[in-house]
1. Under 8 Å for C-alpha pairs, at least 6 residues apart: give me the relative contact order for region 46-110, rounded to a whole percent.
2. Ratio of alpha-carbon Rg to the 2.2 N^0.38 Å globular estimate for region 40-99, to two decimals, please.
3. Given 0.36 nm per residue, what is the gain on full extension from ILE75 to ILE107 after removing their alpha carbon distance, in nm?
4. Within a 10 angstrom radius of the beta carbon, how do ARG109, ARG151, ARG94, ARG124 rank from fewest other beta carbons to most?
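What follows is calculated from the coordinates using simple rules that are stated; it is not laboratory data. This is a predicted model, so every value here is computed, not measured. FYI the Cβ positions are ideal-geometry reconstructions off the backbone, even for glycines, and counts take in every protein chain you see.
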Amino acid sequence: MDKWTFLLFAVAVVLAACKPVAKNPTYIDELPPPDTKPYEIQAGDELEVRFFYTPELDVTLPVRPDGFISLPFAIEVEAAGRTPEALRRELTTRFDAVLNSPQIAVIVRSFSAYKIHVGGQVERPGVFPLTGKITVLDSVFEAGGYLPRARLNEVLIIRKNPYVDEPYLVIPVNIETILDGTDVEQNIPLLPYDAVYVPSSPIANVNTWVDLYIRQNLPFDFGIRATAVTF
């Protein structure tokens, strides 16, 4: 293989690396509307039960693995699978037998049952709790930030899809445009059980290969690489 053939082959490999990672992507403007169903308490959540007229009974406690919570006056109530409002009504009924016109509030302090997964080219891949509103960029930094070979223009969010037959949505997100401020709408909030995948950049791999094998064999600066890999 002569030098020019070698050069053309390298450019072809670089251009091929620009192909999208996701084969059947769902873009942000195509996402289904968010699920507005009220939150149901899960085992492992931390609840605060507040008694307005008898604050000495206030308690903060986790929902046990069996889904129950234990409250003053030896009251055992199943919390998992109920909304906070449904649990509040149940507790009001239960405590009406021992308190005079009880006024009770149920507050979910932490949602420990909800997780997100972050993998690929990040410093610390793993499973992280979803506490409050976390965006895709937040999740990457939660995992220690991205590595030099990360393909930031097509980070993928894999999301359960409750609306159609396809079980998952694959959502490409361009983190580069979030970081430079040109399209912050890409920084979408994550939902429970989302998986964020930061793929390895094929371009980074090709550039390493070019540095090792082509620069040493061509008599001129390989300036075409910078043009070829810009997209």
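1. 41 percent.
2. Against the compact-globule rule of thumb, the ratio is 1.04.
3. Full-extension gain reported as 9.7 nm.
4. In increasing order of surrounding Cβ atoms, one gets ARG124, ARG109, ARG94, ARG151.
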